1. Within segment 83-101, how many residues are outside any loop (DSSP other than H, G, I, E, B), among the polar types (S, T, N, Q) and surrounded by fewer than 21 Cβ atoms within 10 Å (Cβ to Cβ)?
2. May I ask you to list pairs of residues, at least six apart or on different chains, whose Cβ atoms are under 8 Å apart, with the first in segment 60-81 being within 15 Å of Val5 (Cα to Cα) and the second being open to solvent by 50 Å² or more (accessible area, probe 1.4 Å) and basic (Lys, Arg)?
3. Of all residues being outside any helix (DSSP H, G or I), over 15 Å from Ala33 (Cβ atoms) and aliphatic (A, V, I, L, M) in segment 61-82, which is farthest from the chain's Cα centre (by Cα)? Just the residue, please.
4. How many of the residues making up segment 14-59 are open to solvent by less than 60 Å² (accessible area, probe 1.4 Å), at pLDDT 95 or above, within 22 Å of Gln1 (Cβ to Cβ) and in a loop (DSSP other than H, G, I, E, B)?
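The values are calculated or read from the model by the stated rules, or taken from the named source; none is laboratory data. Quantities reported herein were computed from a predicted structural model and do not represent experimental measurements. Neighbour counts run over all protein chains shown; Cβ positions are idealised from the backbone, glycine included. Ligands, DNA and RNA are stripped out before the accessible areas are found, and what is left, the full protein with its side chains, is counted by its heavy atoms. Shrake-Rupley method; radii C 1.70, N 1.55, O 1.52, S 1.80 Å.
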Amino acid sequence: QVQLVESGGGLVQPGGSLTLSCAASRSVFSLNAMGWYRQAPGKQRELVAAITVGGITNYADSVKGRFSISRDSAKNTVYLQMNILKPEDTAVYYCNALYRRENYWGQGTQVTVSS
């Protein structure tokens, strides 16, 4: 079992920045991968960024160059640094962990980009 707790969402103006955090109940190095997904109203959930246990990262084309995923093993926490935010980044962001072939999800945190 893996519990994930997200924080850091909120309202930000276009061009602004936010950092999301996801605290895991297990060591990040015990998880096959961790990532961030998002779901906008009326749309399917999509992968935003992911990082494997070996440190390999992957990003959606729409966020490359603007978002960065990282981890702090001492805190069992994964971060999503989001820069140059656009209105189309507005969504509920979910933390995900892959552990022993099972996917675990956080409760989600709302990110709204609006002037």
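1. If we filter segment 83-101 for residues that are outside any loop (DSSP other than H, G, I, E, B), which is where we start, we get 87-89, 91-99.
Subset that is among the polar types (S, T, N, Q): 96.
Filter again for surrounded by fewer than 21 Cβ atoms within 10 Å (Cβ to Cβ), leaving none.
The total comes to 0.
2. From residues that are within 15 Å of Val5 (Cα to Cα), the pairs are Asn76/Arg26; Thr77/Arg71; Val78/Arg71; Tyr79/Arg71.
3. By that ranking, first place goes to Ala74.
4. Qualifying residue count, segment 14-59: 0.
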